[in-house]
Amino acid sequence: MKILVITASEDVSDEVATIEALFAAGLEILHLRKPGFAGDAMEKFIGSIAVRYHQRIMLHSHHELVERYGLRGMHFPARKRSGASPLASNVHISTSCHSPAEVEQDAAAYEYVMVSPVFDSISKPGYRAAINRESLSACCGRLNRRVVALGGITSHNLTVLPRGCWGAAVLGHIWGHERCADRLHAFMNLQDAAQRYGKATKL
């Protein structure tokens, strides 16, 4: 199982240092989501991250910057999914779904889909779990779709995610810590949990 990290929507301390530390520790995919950023602010933020990591970044907005900076690809929320397509053949695309039915209906064109909320959200208090995990597990087993679970995931509950999840995306479990070292420690614990999940689901 892959661990994906989503950036905090607002500015946080030592953010770029944390992102680069996560990449150095093995993070394969970062979702860069800053809904309040204008194009120039987003461009400045991308430019502050070491170029060698750009190919691991999925961008949620200002998709014209993907090709310009050699980013991994672009993410489309559910409301912008209609007509979504990559700008180039080597650009990956992902999307968000909020039910197994959505995955079955709309996800075929995407490299992977984020399905949420699987557990009660950490970053959005009051955003409660709404995914039937048994249905999601059945969906993962029945379809050839890469499903990424999202919402309230920690190193403690990751191992009980539905069988067949390709990945788990986290936000609050990382950025809820103030220090870069603590964020990195949380990520490494998630990696360990992901290995245990992989072993358990292959039994």
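Quick check: residue separation of Ala138 and Asp192 times 0.36 nm, minus the Cα distance between them. What number comes out in nm?
Working: separation 54, 0.36 × 54 = 19.44 nm, distance 2.50 nm.
The span from Ala138 to Asp192 would gain 16.9 nm if fully extended.
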Expected unfolding gain across Asp40-Asp106 under the 0.36 nm per residue rule, minus the alpha-carbon gap, is 20.6 nm
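My understanding is that a pair violates if its Cα-Cα distance is over 22 Å; which of Lys44/Lys80; Lys2/Lys44; Lys34/Lys80 do that in this structure?
Details: Lys44/Lys80 24 Å; Lys2/Lys44 28 Å; Lys34/Lys80 16 Å.
Pairs exceeding 22 Å: Lys44/Lys80; Lys2/Lys44.
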Net charge near Gly167 (other residues with Cβ under 10 Å of its Cβ; Lys, Arg +1; Asp, Glu -1) is +1
Working note, the range 1-54: Cα radius of gyration (Å, one decimal) and Dmax (Å, whole number) are 11.1, 34
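With a sphere of radius 13 Å drawn around the Cβ of Val66, what net charge do the other residues whose Cβ falls strictly inside it have (Lys, Arg +1; Asp, Glu -1)?
On the way: positive: Arg56, Arg68, Arg72; negative: Glu43, Glu64, Glu67.
Summing Lys and Arg as +1 and Asp and Glu as -1 gives 0.
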With DSSP loop assignment and no more than 14 other C-beta atoms within 10 Å, the GluC sites (Glu not before Pro) in the range 84-191 are Glu178
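Read-outs: derived from the displayed coordinates by stated rules, not from any lab. No experiment lies behind these values; they were computed from the predicted model shown. A quick note on method: Cβ atoms are made from the backbone with ideal geometry, for glycine too, and the neighbour counts reach across all protein chains shown.
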